[in-house]
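Novice: Below is a structure I'd like to ask you about.
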Amino acid sequence: MSQVHALSDDQVGQELRKMTAFIKQEALEKAREIEIKANEEFSIEKSKLVRQETDAIDAAHAKKLKQAAMSQQITRSTVANKTRLKVLAARQQLLDDIFDAASKRLVEGTKDKAKYKVILKNLLLEGLYALSESDIQVRAREEDYNEVKDAIKDAEEEYKKNTGKETKVTIDEENPLPEGSSGGLIIVGGQGKIDINNTFDERLLLLQSSGLPAVRETLFGKNPNRKFYD
């Protein structure tokens with residue numbers, strides 16, 4: 001049976017120191033591993049956070065740029081629309097002034113009585129041909145009754161000459177054209193149910209409606225946005 005020798009105090013001390021050194025070494029290495037891993041995780045997390053912040057900054061910048069571009073576009077559109085409306089308003093005002101001036105000059109067509117009588121005759125003939133009736137009434141300004149009577153006589157004769165039919169035209173003195181009327185006639189037939197408005201004022205309104213596109217084109221040129229024409 002072998003004999004077990006007890007360790008001396010020095011040997012025990014040496015063994016303890018060896019074990020302590022080993023444990024310390026293991027702890028240092030473990031600590032180093034933990035530090036390395038922690039540094040790696042920190043670097044990864046740091047990069048992730050930096051990337052997220054960078055993406056957020058880029059997104060915010062892109063959003064601001066988009067908002068700025070949209071705001072600029074809206075501003076340009078608003079300015080363009082306001083300018084367009086101002087141009088259209090100025091053009092319309094010019095057209096209104098032109099027709100207003102024409103309206104004020106309508107009365108001048110009645111000053112030359114001889115010419116005015118011919119105009120009245122032609123306006124009346126239009127109504128006679130359109131209605132083709134034996135009894136017709138006309139409404140006129142009271143101040144024009146003398147010229148209207150002469151125009152009626154001439155129109156009746158010309159109507160009979162051209163159609164071979166007779167017609168009787170009388171002045172509706174109970175319903176004269178209102179004060180302020182520029183002249184012309186209203187021809188009434190169909191026992192008072194049909195009337196043809198051949199007054200100067202109505203003719204100007206018709207001209208304003210039918211001739212406005214031509215007047216606008218003469219003044220302002222062709223509309224580049226217009227694709228269809230009557």
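Novice: Kindly list the number of the only condition in (1) closer than 30 Å to F220 by Cα; (2) of a type in the set (A, V, I, L, M); (3) at pLDDT 95 or above that fails for A80.
Specialist: Among (1) closer than 30 Å to F220 by Cα; (2) of a type in the set (A, V, I, L, M); (3) at pLDDT 95 or above, A80 violates only (3).
Novice: Answer yes or no: is there a residue in the range 163-175 that is surrounded by fewer than 18 Cβ atoms within 10 Å (Cβ to Cβ), of a type outside the set (A, V, I, L, M, F, W, C) and in a helix (DSSP H, G or I). Full working, then the answer.
Specialist: Within the range 163-175, the subset surrounded by fewer than 18 Cβ atoms within 10 Å (Cβ to Cβ) is 163-166, 168, 170, 172-175.
From what's left, of a type outside the set (A, V, I, L, M, F, W, C): 163-166, 168, 170, 172-175.
If we keep only those that are in a helix (DSSP H, G or I) too, we end up with 163.
Yes, the conditions are met somewhere in the range 163-175.
Novice: Also: Taking the stated definitions as given, is I194 at negative phi, at pLDDT 90 or above, touching a helix residue (DSSP H, G or I) at 6+ places or on another chain (Cβ under 8 Å) and open to solvent by 70 Å² or more (accessible area, probe 1.4 Å)?
Specialist: Criteria met by I194.
Novice: Could you list, in sequence order, the residues of the range 178-191 that are farther than 14 Å from I119 by Cα and at pLDDT below 95?
Specialist: P178, E179, G180, S181, G189, G190, Q191
Novice: In this structure, does S209 turn out to be free of Cβ contacts under 8 Å to residues at least 12 places away in the same chain and either under 30 Å from A89 (Cα atoms) or exposed (fewer than 13 other Cβ atoms within 10 Å of the Cβ) (or both)? Walk me through how you get there before you give the answer.
Specialist: Working: free of Cβ contacts under 8 Å to residues at least 12 places away in the same chain: yes; either under 30 Å from A89 (Cα atoms) or exposed (fewer than 13 other Cβ atoms within 10 Å of the Cβ) (or both): yes.
Yes.
Residue by residue, here is whether (1) at pLDDT below 85; (2) touching a helix residue (DSSP H, G or I) at 6+ places or on another chain (Cβ under 6 Å); (3) among the aliphatic types (A, V, I, L, M); (4) loosely packed, with under 10 Cβ neighbours inside 10 Å holds:
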| position | (1), (2), (3), (4) |
| --- | --- |
| A21 | yes, no, yes, no |
| E26 | yes, no, no, no |
| A31 | yes, no, yes, no |
| I36 | no, no, yes, no |
| K46 | yes, no, no, no |
| T54 | no, no, no, no |
| I57 | no, no, yes, no |
| A60 | no, no, yes, no |
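The values are calculated or read from the model by the stated rules, or taken from the named source; none is laboratory data. What you are looking at is a predicted structure, and each value in this text was computed from that prediction instead of being measured. With ideal geometry, Cβ positions are generated from the backbone for all residues, glycine too; neighbour counts draw on all protein chains shown. Just so you know, the surface numbers come from the protein's heavy atoms only, side chains and all, with ligands and any DNA or RNA stripped out. Shrake-Rupley method; radii C 1.70, N 1.55, O 1.52, S 1.80 Å.
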